[in-house]
1. Do we find a residue being without any contact (Cβ under 8 Å) to a residue 12 or more places away in the chain, open to solvent by 60 Å² or more (accessible area, probe 1.4 Å) and closer than 29 Å to E36 by Cα anywhere in the stretch 109-126?
2. Would you mind finding the one in Y1, Y22, Y57, Y8 that is hydroxyl-bearing (S, T, Y) and within 28 Å of H120 (Cα to Cα)?
3. Suppose we filter D91, D75, D70 for residues that are among the acidic types (D, E), within 9 Å of the chain's Cα centre (by Cα) and part of a helix (DSSP H, G or I); which single one remains?
4. List, please: which pairs have Cβ atoms under 6 Å, are six or more places apart or on different chains, and start with a residue in the stretch 49-75 that is within 19 Å of N109 (Cβ to Cβ) and end with one that is modelled with pLDDT under 95 and outside any helix (DSSP H, G or I)?
5. With the condition kept exactly as written, say whether any residue in the stretch 72-89 is open to solvent by 20 Å² or more (accessible area, probe 1.4 Å), more than 21 Å from K115 (Cβ to Cβ) and touching a Leu at 6+ places or on another chain (Cβ under 7 Å).
6. Just for the stretch 29-39: of the residues that are of a type outside the set (D, E) and in a helix (DSSP H, G or I), which one is most open to solvent (accessible area, probe 1.4 Å)?
7. If I filter the stretch 1-12 down to residues being hydroxyl-bearing (S, T, Y) and open to solvent by 40 Å² or more (accessible area, probe 1.4 Å), which single residue comes out as modelled with the lowest pLDDT?
8. Quick check on my filter: what residues within the stretch 13-28 are touching a residue at least 24 places away in the same chain (Cβ under 8 Å) and open to solvent by less than 40 Å² (accessible area, probe 1.4 Å)?
Amino acid sequence: YEKAIDDYSKAIELDPKDAWAYYRRGSIWSYLEKYEKAIEDYTETIRLDPNYADAYYRRGSIWSDLGEYDKAFSDINKAIELNPKKSNLYDSLGEVCEKKGDYKKALKNYNKAIKLNPNHDTARKNIERVNQILKKVIPLNENNENKLSLDSGSPVAEGNNLYKKEFSKLKSIA
């Protein structure tokens, strides 16, 4: 990886306006867990090419890993603005929302990821995890409904309906 860093650094010396070279070097820094350097290169990529969606996404992912959720949210949201049909961006934004404790937004983004890509297994697993969390933090009211309003027919709504049925069974046994 050191050689690749050197090669991209030489490419940047030859053409300091080469956004792709900064992006690639940033990817290697990220892989090597040199996050500050990766953020610097992704930031330079974005300065040179403000429409480089993947640079926003990658920088946002690092911000998320570092616990900088507001910065992560902003960057990944910008990536979505530039590339609204990429399902993994919505899944990543959902993960940031989940880390921030905004489960409703997390579910909305996970569902959007599945809508764009029905085979998005990670988003489905994330929905299941959030539903498990919600069972613990958002109890059902006396009408057997939880406080989140979700679109009917969505995987999340289906999961909540299953939860309501199971809850009713347990309630009738007790």
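The values are calculated or read from the model by the stated rules, or taken from the named source; none is laboratory data. Please read all numbers here as calculations on a predicted model, not as lab measurements. Note that each Cβ is placed from the backbone with ideal geometry, even for glycine, and that neighbours are counted across all protein chains shown. Ligands, DNA and RNA are stripped out before the accessible areas are found, and what is left, the full protein with its side chains, is counted by its heavy atoms. Shrake-Rupley method; radii C 1.70, N 1.55, O 1.52, S 1.80 Å.
1. Within the stretch 109-126 (the criterion being without any contact (Cβ under 8 Å) to a residue 12 or more places away in the chain, open to solvent by 60 Å² or more (accessible area, probe 1.4 Å) and closer than 29 Å to E36 by Cα), the answer is no, since none of the residues qualifies.
2. Numbers: Y1 fails: within 28 Å of H120 (Cα to Cα); Y22 fails: within 28 Å of H120 (Cα to Cα); Y8 fails: within 28 Å of H120 (Cα to Cα).
Residue meeting the stated conditions: Y57.
3. Details: D75 fails: within 9 Å of the chain's Cα centre (by Cα); D70 fails: within 9 Å of the chain's Cα centre (by Cα).
From the options D91, D75, D70, the qualifying one is D91.
4. Once the first residue is within 19 Å of N109 (Cβ to Cβ) and sits in the stretch 49-75, its partners that are modelled with pLDDT under 95 and outside any helix (DSSP H, G or I) give Y69/K100.
5. The answer is no, given that none of the residues of the stretch 72-89 is open to solvent by 20 Å² or more (accessible area, probe 1.4 Å), more than 21 Å from K115 (Cβ to Cβ) and touching a Leu at 6+ places or on another chain (Cβ under 7 Å).
6. Going through the stretch 29-39, the residues of a type outside the set (D, E) turn out to be 29-32, 34-35, 37-39.
Filter once more, keeping what is in a helix (DSSP H, G or I): 29-31, 35, 37-39.
Details: W29: 40, S30: 30, Y31: 143, Y35: 63, K37: 96, A38: 0, I39: 21 Å².
Ranking the qualifying residues of the stretch 29-39, first place goes to Y31.
7. Taking the stretch 1-12 as the starting set, the residues that turn out to be hydroxyl-bearing (S, T, Y) are 1, 8-9.
Then drop every residue that is not open to solvent by 40 Å² or more (accessible area, probe 1.4 Å), which leaves 1, 8.
Values: Y1: 90, Y8: 95.
The qualifying residue modelled with the lowest pLDDT is Y1.
8. The answer is A19, Y22, Y23, G26, S27, I28.
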